[in-house]
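The values are calculated or read from the model by the stated rules, or taken from the named source; none is laboratory data. Worth saying up front: this structure is predicted, and the values here are computed from it rather than measured. All Cβ positions, glycine included, derive from the backbone under ideal geometry; neighbour counts span all protein chains shown.
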Amino acid sequence: MDRVRGSIRDGLLFVLVVVLVVTGILYLARGAIADLFNAEGLSRELVFLFCGPLALAWYFNGVIFVTNASFNNLGHPFYSTWVNWGRQTLGTIPLVILGAAYWGAPGVLIGQAAGGLIFAGVAMILSVRVLNKAEAGLCPRHRASVPATNPSHLALSQPPIAGTAPSSTSAVSSALRTCARG
């Protein structure tokens, strides 16, 4: 598990370096970027906000990507699904509405960034828990998958269910009951 922890750490460090470099470039080029769009007034302020401090908030999206990889590889793919779903719904819609209510258009960007921060924190906590469970040997076992297109090969390896003729359906049912028991 040291290699897994090291990979996650290295992934987070890589995301940090990339975000810092890109943020620096955006910050230095924000005037030129705003000029490219002929942005004035509020539009210019939004470009400056996005290309300035809020560009750093992309780190939190990177944290979610790195932790998703850990969930997927350590047997918890639905954690990735729920973190992503939560980030794109609960971590965006209410916070964007609140941000807009308090700060107007800049609040929309700020609310979106806040959602990233919150769900990156949730993802990190879950990632640490999954790693700790993996180190303790408590991660789900990976079972061989049964091809959905032709499960009839199971009939050869599974004893028939009492009172029924061996068939691919009974073999699949038997295999599912076996997996459910552990």
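I'd like the residue in the stretch 84-97 that is farther than 27 Å from Ser7 by Cα and in contact with a helix residue (DSSP H, G or I) (Cβ under 6 Å, 6 or more places away or on another chain) and, out of all such residues, is surrounded by the most Cβ atoms within 10 Å (Cβ to Cβ).
Looking at residues that are farther than 27 Å from Ser7 by Cα and in contact with a helix residue (DSSP H, G or I) (Cβ under 6 Å, 6 or more places away or on another chain), I get Leu95.
Given (1) more than 30 Å from Met1 (Cβ to Cβ); (2) surrounded by fewer than 19 Cβ atoms within 10 Å (Cβ to Cβ); (3) modelled with pLDDT of 95 or more, identify the lone condition not met by Pro53. The single condition Pro53 does not satisfy is (3). Annotation note: of Gly11, Gly31, the sole residue that is within 22 Å of Phe119 (Cα to Cα), at pLDDT 95 or above and touching a helix residue (DSSP H, G or I) at 6+ places or on another chain (Cβ under 9 Å) is Gly11. If I filter the stretch 34-58 down to residues being in a helix (DSSP H, G or I) and of a type in the set (Phe, Trp, Tyr), which single residue comes out as nearest to Ala113 (Cα to Cα)? In this case the residue turns out to be Trp58.
Restricting attention to the stretch 5-32, the residues that are more than 15 Å from Leu54 (Cα to Cα) and over 22 Å from the mean Cα position of the chain (by Cα) add up to 2.
Scan the stretch 107-123 and tell me whether some residue there is assigned by TED's automatic domain parsing to the domain that holds Ala57, free of Cβ contacts under 8 Å to residues at least 12 places away in the same chain and surrounded by 14 or more Cβ atoms within 10 Å (Cβ to Cβ). Scanning the stretch 107-123, I find at least one residue that is assigned by TED's automatic domain parsing to the domain that holds Ala57, free of Cβ contacts under 8 Å to residues at least 12 places away in the same chain and surrounded by 14 or more Cβ atoms within 10 Å (Cβ to Cβ), so the answer is yes.
So is Thr81 surrounded by 14 or more Cβ atoms within 10 Å (Cβ to Cβ), part of a helix (DSSP H, G or I) and either touching a Cys at 6+ places or on another chain (Cβ under 9 Å) or hydroxyl-bearing (Ser, Thr, Tyr) (or both) or not? Taking the combined requirement at face value, the residue does not satisfy it. For Ala69, the conditions (1) over 22 Å from Arg9 (Cα atoms); (2) among the small types (Gly, Ala, Ser); (3) at pLDDT below 95 are fulfilled apart from (1).
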